[in-house]
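Right, one structure below, let's go through it.
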Amino acid sequence: WSFIAVAAAEGYSDEEVAASIVPIVGDGFTVQTREEQVEASAGALREGLGFINYILLGFAGIALFVAAFLIYNTFSMLIAARGREMALLRAVGATQFQVLLTVLIEAVVLGLLAALLGVAVGYGLALAMKAGVSALGLDLTAGVTLTPNAIIVALVLGLTVTVVSAVAPALRAARIRPVEALRQASATPDRPS
């Protein structure tokens, strides 16, 4: 046998029962209390499932890369669509720095809103998954908690990825010359009457 469980009579503590068993079984065996056995089992489970953290971190890295690529493309398209507006801002006296700052402020606002929405949706999905597991008859004893650390990490990552991805399109927007507003205005064909 590799494992023997012992039940104690009422009034005896786990430590007393373990101490009374040690002389009987001898030195070749390990005697553990209930708490020690639970901790040993939990430690083995954590070690066995530790690779899942690495897999999840890999998926998170891929998701951040894809998000950065999509944000870059989105801001590039926005700048292309709003090129005339940026040129008009430059024509009425806005500096390159002001145009750059406008686009970056837009990126900060969008990054914060998207990160907050992501935290809320992620927490909601975790609660839904817990309810689904409970409906199957399994119970998660740890529960689902949303820690301040998790919120801060999500906000910092979301904001950083959004702003860094928007820098190149923002620099492109800042380089638009005021003449572009006139050039685009003269390039639009007149409508026939």
Task: The one condition in (1) touching a Leu at 6+ places or on another chain (Cβ under 6 Å); (2) outside any helix (DSSP H, G or I) that residue 123 fails to fulfil - done: (2)
- [ ] Please specify each residue of segment 79-94 satisfying the condition of being open to solvent by 60 Å² or more (accessible area, probe 1.4 Å) and farther than 12 Å from residue 176 by Cβ.
- [x] 81, 92
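Hey, can you tell me all the residues within segment 118-170 that are among the hydrophobic types (A, V, I, L, M, F, W, C), out of contact with any Asp or Glu (no Cβ under 9 Å at 6 or more places or on another chain) and touching a residue at least 60 places away in the same chain (Cβ under 8 Å)?
Here is the first cut: in segment 118-170, the ones among the hydrophobic types (A, V, I, L, M, F, W, C) are 119-121, 125-129, 131, 133, 135-136, 138, 140, 142, 144, 146, 150-157, 159, 161, 163-164, 166-168, 170.
Then keep just the ones that are out of contact with any Asp or Glu (no Cβ under 9 Å at 6 or more places or on another chain); that gives 119-121, 125-129, 131, 135-136, 138, 140, 142, 144, 146, 150-157, 159, 161, 163-164, 167-168.
Passing the criteria: 157, 161, 164, 167, 168.
Just to be sure, is residue 67 assigned to a helix (DSSP H, G or I) and more than 13 Å from residue 172 (Cβ to Cβ)? Spell out the reasoning first.
Values: assigned to a helix (DSSP H, G or I): yes; more than 13 Å from residue 172 (Cβ to Cβ): yes.
Considered against the rule, which asks whether it is assigned to a helix (DSSP H, G or I) and more than 13 Å from residue 172 (Cβ to Cβ), residue 67 comes out as yes.
The values are calculated or read from the model by the stated rules, or taken from the named source; none is laboratory data. The model shown is predicted, which means the values in this text are computed figures rather than measured ones. Cβ sites come from the backbone with ideal geometry, for glycine too, and all protein chains shown count toward neighbours. The area values use the complete protein model at the heavy-atom level, side chains included, leaving out ligands, DNA and RNA. Shrake-Rupley method; radii C 1.70, N 1.55, O 1.52, S 1.80 Å.
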